[in-house]
Structures are given as C-alpha cells and as structure tokens.
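Engineer: Sending over a structure as structure tokens; questions will come in a sec.
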Amino acid sequence: MDNEKIFNAKILIIDDDVNMMDILSVILNKYGHTVNTFTEPVSAIEELKKNKYDILIVNYLMTPVKGDRIVELVREFDKEIYIILMSMHKDLAPSIETMQNLDIQAYFEKSTQFDQLVMFIQTGIKYIEQLRKIKNMSLQLEQYLIDFAKILLNTVGAKDNYTERHSIRVTKLSMYFGNYLGIQKEDLEKLNLAASFHDIGKIGIPDNILLKEGKLTDEEYEQIKLHTVIGPNILSVSNIFKDVCPIMQSHHERYDGKGYPNKLKGEEIPYLARVLTLCDSFDAIVNKRPYKEAQTIDYAIEQIEQGKGTQFDKNLAEKFITMVNENREEIDKIVHGE
Ligand SMILES: [Fe+2]
Ligand SMILES: [Fe+2]
C-alpha cells in the first residue's frame, strides 16, 4: 500500500452505519487525515456549507435520502470537493451516467479492502493539489495582466499626469460609493478595474489634443471622445477584462441618450457604468483642469442635482448626493488627495 502522506485532508463521511464510520475514521486518522462523521445528511450538508472539506465519502444506499441526491445537493454549492461514493455491493452501484453527471470521482465497495479506499483518498489529495496549483497560476496570471494594464496607465501618466491621478481618485471614490450602495464583491471588483482604467484610451489621443490648454475645437473634441472606444479595445484582448470593457466604454453615456460613444439610454447603460459616471464627473468638477478652475464640493453636488435624470441615473444620483453629504470629510480627502 502506498502510505505516502501528501497533506492532511479534511474528510467528511455520511453513512447510517456507525460501525463502518468508526472503522474508517480510525484508519484515516492513522494517515493523519481529519475526519468528521455524520449519520444524517441534513446536518452533514449544513456542515459542508459552513466549513471547507477536501473529500466527501457518502454511502450510496442510505434512507430516506439516497447518496446521489446528497451529492446533487452538495454540488449546488461546492464544485471542488472530491467525492467518493460507497455501497455494499457492486450490483447496487450507481450508474456511470450518475457518476459523471454528479462529478463523482470514485466508487468504493465496502466489501473490498480498505486499502483501496485509502488509495482513492491519496489520488483525491493529488487531484486537489493539482487543482489548487492551477487556480493559483491563473490568479497569478490575472494579476500579471492587471499589472500590465497599470503599466499602460503609467505610460499615459508620464505625459498626462492628471489622467493617472484622476483615475486613482475615481477608483477610490467608486469603491466608496460601491460599498455605500452595497454592491457585491464580484461586481465591486469589476467596478474597481473599470474605474482604474476608464480613461486608459487616452493613450491613443495625440498629445497636442490631450495636453491642449484652452478650449478644444469640435474636431478635437470628437477625437477625445474616442478614448472610450480605444481603452476597451486595448484591454479586450484579455479575458479578465471581458466584463469590464462594457463598463469602461459607457462611462460617458448619459441617461437621456445624449452621451457617447453609443448614445445608450437609461438602463441600456450598464449599472456599474452609471455608478462610475457619477464618480468620474464629481472628481472632474472638483479638480482643476487647464481650461477650468477647481470647483467646491457644494457646486459639484448642485451639478449632479441638476443632471438627475438627464446626465445621470436619478436614483443613483440621489444616493450619491446623500453619500457625499453624510461623509463630507472622507469624500473631500478622496477627491483632493492623491
Ligand atoms: Fe473619460
Ligand atoms: Fe475620467
């Protein structure tokens, strides 16, 4: 028997046969694994929801809930756990189809040697380790791509310092507003990336226009507008920006349909873009540009108040104003800090 211990797995066993579970626990403990046993599926499932386990061993022929039903319920919230189904005899084994559909990795007959089960567990542990390595690698790859996009943003910053600093402030403000709105983690992450890189398309705008002091001609303004298309074009080559690009692209759309680049109207504009627009506009108003003075927070609130339902989503604009009024000091630090 291969008794090489790879890491101590956390194993949960569901079986109505207490004696069997006792024997199994003793053997698995000997190998250094942590075992928790349940005779009743409902509390076992609750436990699996609360705590992360590596391996689940389930008796297929339990009453009143059969093992495959238990697995079905577990798979609804845990796609990673390695599942071993066991039964008394091979004639009573689940079909291959059931095994595949429920992503059950192994089947064990209680009548055979426990060595086989230990082997299945060792295989499961190797599988889990591989899965974790792959997950870490793809997370690392994602981080490399985000870092690369930051390098691009720094490149814009090298010629247009305002855009880089504005992007940092808009990201902070978006996170503040996003949390205030109770936006969930996954969407907050998308908003974070969209805010960080919303103006990255300015990298493609000629310097004489981007850095022009004074009023832009209509033609120059048309060129500036292209930053909403250029940015998403650059980042869309990477899959991690797939859901972020539509938000970036819509940060100058207006609720009344008079914005750019696609003249989207109302809820056609992605929700997170409507959130971002408020933060972007607010920061632009209270900060100085070559062609305009910095305005006060009161003035910015007034502008947003006036743009309710035309430039901005009315409901979100009201929430934004309340947030600013309730948290003046912190908002002031964000828009006037780095
Ligand atoms: Fe912009
Ligand atoms: Fe902006």
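Engineer: Give the residues of segment 219-250 that are polar (S, T, N, Q), surrounded by fewer than 21 Cβ atoms within 10 Å (Cβ to Cβ) and either outside the structural domain of Ala317 (by TED's automatic domain parsing) or in a helix (DSSP H, G or I) (or both), sorted by residue number.
Structural biologist: Initially, segment 219-250 is screened for residues polar (S, T, N, Q), giving 223, 228, 233, 236, 238-239, 249-250.
Within this subset, residues satisfying the condition of being surrounded by fewer than 21 Cβ atoms within 10 Å (Cβ to Cβ) are 223, 233, 236, 238-239.
Matches in segment 219-250: Gln223, Asn233, Asn239.
Engineer: Report yes if some residue within segment 267-277 is away from ligand 2 (no atom under 15 Å from the Cβ) and farther than 21 Å from Gly182 by Cα; otherwise report no. Break it down into steps so the answer makes sense when it comes.
Structural biologist: The first filter runs over segment 267-277 and keeps only residues away from ligand 2 (no atom under 15 Å from the Cβ), leaving 267-271.
If we keep only those that are farther than 21 Å from Gly182 by Cα too, we end up with 268.
There is at least one residue in segment 267-277 that is away from ligand 2 (no atom under 15 Å from the Cβ) and farther than 21 Å from Gly182 by Cα.
Engineer: When residues of segment 83-105 are filtered for being within 18 Å of Met21 (Cα to Cα) and at pLDDT 85 or above, how many remain?
Structural biologist: 4
Engineer: Right, another one. Anything in segment 317-338 that is surrounded by fewer than 18 Cβ atoms within 10 Å (Cβ to Cβ) and in a helix (DSSP H, G or I)? List them, or say none.
Structural biologist: Once the filter is applied, which keeps residues that are surrounded by fewer than 18 Cβ atoms within 10 Å (Cβ to Cβ) and in a helix (DSSP H, G or I), segment 317-338 yields Glu318, Lys319, Thr322, Asn325, Glu326, Arg328, Glu329, Glu330, Asp332, Lys333, His336.
Engineer: Checking the condition more than 16 Å from ligand 1 (Cβ to nearest atom) and either outside the structural domain of Val229 (by TED's automatic domain parsing) or at pLDDT below 95 (or both), which residue from Glu302, Glu293, Glu268, Glu318 passes? Give the derivation first.
Structural biologist: Details: Glu302 fails: either outside the structural domain of Val229 (by TED's automatic domain parsing) or at pLDDT below 95 (or both); Glu268 fails: either outside the structural domain of Val229 (by TED's automatic domain parsing) or at pLDDT below 95 (or both); Glu318 fails: either outside the structural domain of Val229 (by TED's automatic domain parsing) or at pLDDT below 95 (or both).
Exactly one of Glu302, Glu293, Glu268, Glu318 is more than 16 Å from ligand 1 (Cβ to nearest atom) and either outside the structural domain of Val229 (by TED's automatic domain parsing) or at pLDDT below 95 (or both), namely Glu293.
Engineer: Only one of (1) within 16 Å of ligand 1 (Cβ to nearest atom); (2) farther than 23 Å from Leu188 by Cβ; (3) of a type in the set (D, E, K, R); (4) assigned to a loop (DSSP other than H, G, I, E, B) fails for Glu253. Which number is that?
Structural biologist: Just one mismatch for Glu253, condition (2).
Engineer: Examine segment 176-185 for a residue that is under 21 Å from Asn262 (Cα atoms), assigned to a helix (DSSP H, G or I) and within 16 Å of ligand 2 (Cβ to nearest atom), and state whether such a residue exists.
Structural biologist: Kept after step one, since they are under 21 Å from Asn262 (Cα atoms), are these residues of segment 176-185: none.
Within segment 176-185, none of the residues are under 21 Å from Asn262 (Cα atoms), assigned to a helix (DSSP H, G or I) and within 16 Å of ligand 2 (Cβ to nearest atom).
Engineer: Any chance you could count how many residues in segment 197-218 are crowded, with 21+ Cβ neighbours inside 10 Å and in a helix (DSSP H, G or I)? I'd like the intermediate steps shown before the answer.
Structural biologist: First pass over segment 197-218, keeping only residues crowded, with 21+ Cβ neighbours inside 10 Å: 197-202, 205.
Pick out the ones that are also in a helix (DSSP H, G or I) and you get 197, 200-202.
Here the count works out to 4.
Engineer: Please enumerate the residues belonging to segment 272-303 that are part of a helix (DSSP H, G or I) and in contact (Cβ under 8 Å) with a residue 40 or more places away in the chain.
Structural biologist: Leu272, Ala273, Arg274, Val275, Leu276, Leu278, Cys279, Asp280, Phe282, Asp283, Ala284, Val286
The values are calculated or read from the model by the stated rules, or taken from the named source; none is laboratory data. Since the structure is predicted, the reported quantities are computational estimates derived from the model, not experimental observations. We place every Cβ from the backbone using ideal geometry, glycine too, and count neighbours over all the protein chains shown.
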